[in-house]
Amino acid sequence: MARREERKLLVGLDVGTSKCAAVVGQITPDGEVEIVGRGEHASRGMNRGDVVNIEQTTQAIKRAVENAEHMANCRAQSVYVGISGTHIRSFNSTGVAPVRAGSVSERDVDSVMDAARAIAIPADQKILHVIPQEFVVDGREGIHDPIGMHGVRLEAKVHIVTGSISAAQNIYKCVESCGLKVDKLILQHLASSYATLLPDERDLGVCMVDIGGGTSDIAVFRGGSIRHTAVLPIAGNQVTNDISVAFRTPAPYAEELKVQYGVALPQFAAGHEEIEVRGVGDQPPRRLSRLTLAEVIKPRYEELFRFVRRELHRSEWYELIGGGVVLTGASAQMPGVVELAEQVFELPVRIGMPHNVAGLKDVTRNPAYATAVGLLLYGRQSRPQVARAANQGFGYWMQRAGEWFKGSF
Ligand SMILES: Nc1ncnc2c1ncn2[C@@H]1O[C@H](COP(=O)(O)OP(=O)(O)OP(=O)(O)O)[C@@H](O)[C@H]1O
Ligand SMILES: [Mg+2]
């Protein structure tokens with residue numbers, strides 16, 4: 001088997017509530033990422049983004065990675081892993097430092113970033129990311145790369161993401177039990193947005209919502225930088241549960257009904273179409289119209305979008321996302337979801353597929369793989385050799401951001 005180093009491979013591992021997905025990306029000579037392997041396994045040891053069963057989560061990771069390795073004909077040694085869950089906290093902060101030698105040096109940037117991250121956080125939380133939004137040199141705002149600029153006062157505006165220490169340690173434990181090293185632990189919504197958002201959307205203002213099984217993860221960008229993140233505990237599993245309760249049918253069958261016949265708006269279901277619904281225990285199956293199924297699904301998606309809209313108003317970003325809303329995650333595949341979201345948000349909405357990668361179509365055309373692909377892209381961008389080659393701009397600061405939070409766990 002080819003060794004990972006010889007082929008320049010990276011592995012992204014999305015440990016989700018519904019599925020554990022691993023993707024192997026090969027870096028081509030011109031620096032692009034080609035997806036050459038993918039593996040997936042049902043995730044039973046997770047609840048709303050949190051590990052609740054170490055053994056089951058370890059097994060799911062093992063299977064997913066093995067399948068991806070098999071397809072890519074390689075052996076993975078380390079992985080970029082995603083983290084999310086209701087324990088994630090995020091906020092903006094600023095730091096100030098003097099410019100020591102007349103023009104801004106890397107040391108000055110390190111000092112100002114240290115100042116920005118010097119904030120009190122709860123004892124059970126650790127900093128996951130300190131992401132630079134912009135720098136201000138002697139009052140001049142909107143600077144993305146301050147190195148070499150003349151001035152006496154440097155200010156950094158950053159977005160800080162923290163997570164529960166024990167939640168992160170549990171992920172480390174599961175991954176390391178599979179004989180793998182964690183390259184980096186990355187916020188899942190940061191990864192998904194990295195895979196799905198376009199540069200002009202990030203500039204103009206956009207809200208990405210990754211609707212998974214256990215959580216819906218929100219990331220707001222504007223001016224090219226991340227401004228706000230949030231995790232909502234409503235997602236696809238609640239929709240399945242509603243179907244199960246409303247039709248008195250077992251959860252696995254409710255899931256099948258949802259994926260096969262579900263629509264988010266009644267007009268997407270022809271009124272006369274009937275489906276057979278299996279009963280609980282020895283109750284006989286019943287026939288129901290697809291329209292009735294839509295009437296159960298719609299309110300839950302609507303509720304989710306209303307929560308997202310409320311979160312955007314609360315954080316005062318609603319008026320500033322001219323680029324609209326991008327929906328991703330497997331639950332974004334429900335027919336009619338874009339139209340329903342447009343009604344609630346009163347903004348343009350689109351589905352975010354992983355972009356900027358070539359290779360396996362069932363990954364690159366599948367919103368369920370946005371996080372796993374984003375982890376890979378983040379990993380590639382944060383590798384020193386890639387970031388230094390660019391030597392400035394987003395890639396460079398991603399790499400620096402990697403160094404700033406390195407060793408947090
Ligand atoms: N074709 C489909 N249409 C609608 N929903 C779907 C479809 N396929 C899968 N889902 C739903 O998507 C959800 C899983 O989404 P996803 O795979 O993105 O979650 P995850 O990443 O494992 O979970 P999380 O991000 O919450 O930790 C499940 O609730 C599943 O029912
Ligand atoms: Mg997910």
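Assorted remarks:
- Filtering segment 138-162 to residues that are part of a strand (DSSP E or B) and open to solvent by 10 Å² or more (accessible area, probe 1.4 Å) leaves Arg140, Glu141, Gly142, Ile143, His150, Arg153, Glu155, Lys157.
- Test: residue in segment 338-348 that is among the polar types (S, T, N, Q) and out of contact with any Gly (no Cβ under 6 Å at 6 or more places or on another chain): yes
- Residue in segment 290-302 that is closer than 30 Å to Ser225 by Cα and either open to solvent by 60 Å² or more (accessible area, probe 1.4 Å) or out of contact with any strand residue (DSSP E or B) (no Cβ under 7 Å at 6 or more places or on another chain) (or both) present: yes
- Residue within segment 217-234 that is touching a strand residue (DSSP E or B) at 6+ places or on another chain (Cβ under 6 Å), among the polar types (S, T, N, Q), crowded, with 24+ Cβ neighbours inside 10 Å and not assigned by TED's automatic domain parsing to the domain that holds Asn366 present: yes
- Qualifying positions in segment 43-62 - of a type in the set (Val, Ile, Thr) and either touching a Pro at 6+ places or on another chain (Cβ under 6 Å) or over 19 Å from Ala368 (Cα atoms) (or both): Val51, Val52, Ile54, Thr58
- The residues of segment 235-269 that are more than 24 Å from Thr86 (Cα to Cα) and open to solvent by 60 Å² or more (accessible area, probe 1.4 Å), listed by number, are Val245, Arg248, Pro252, Glu256, Val259, Gln260, Tyr261, Gln267, Phe268.
- Scanning segment 270-286 for residues that are assigned to a strand (DSSP E or B) and either out of contact with any Phe, Trp or Tyr (no Cβ under 8 Å at 6 or more places or on another chain) or not hydrophobic (A, V, I, L, M, F, W, C) (or both) yields Glu274, Glu276, Arg286.
- Residues of segment 188-236 that are part of a strand (DSSP E or B), within 13 Å of the chain's Cα centre (by Cα), small (Gly, Ala, Ser) and more than 9 Å from ligand 1 (Cβ to nearest atom): Ala219, Ala230.
- Among the residues of segment 100-117, none qualifies, meaning not one is in the same structural domain as Gln381 (by TED's automatic domain parsing), loosely packed, with under 15 Cβ neighbours inside 10 Å and in contact with a helix residue (DSSP H, G or I) (Cβ under 7 Å, 6 or more places away or on another chain).
- Of the residues making up segment 345-376, those that are part of a helix (DSSP H, G or I) and open to solvent by 10 Å² or more (accessible area, probe 1.4 Å) are Lys361, Asp362, Thr364, Ala368.
- Number of positions in segment 202-216 that are over 21 Å from Arg44 (Cβ atoms) and surrounded by 24 or more Cβ atoms within 10 Å (Cβ to Cβ): 4
- Flag for Val130 being in the same structural domain as Gly148 (by TED's automatic domain parsing), of a type in the set (A, V, I, L, M) and more than 23 Å from Gln188 (Cα to Cα): no
- Verdict on Pro335 being in a loop (DSSP other than H, G, I, E, B) and surrounded by fewer than 20 Cβ atoms within 10 Å (Cβ to Cβ): yes
- Some residue of segment 94-102 being under 27 Å from Ser225 (Cα atoms) and within 16 Å of ligand 2 (Cβ to nearest atom): no
The values are calculated or read from the model by the stated rules, or taken from the named source; none is laboratory data. Computed from a predicted structure; not experimentally measured. Because the Cβ atoms are built from the backbone with ideal geometry, glycine has one as well, and the counts that use them run over all protein chains shown. Each accessible area value is taken on the protein alone, full model and side chains, heavy atoms only, with ligands, DNA and RNA left out. Shrake-Rupley method; radii C 1.70, N 1.55, O 1.52, S 1.80 Å.
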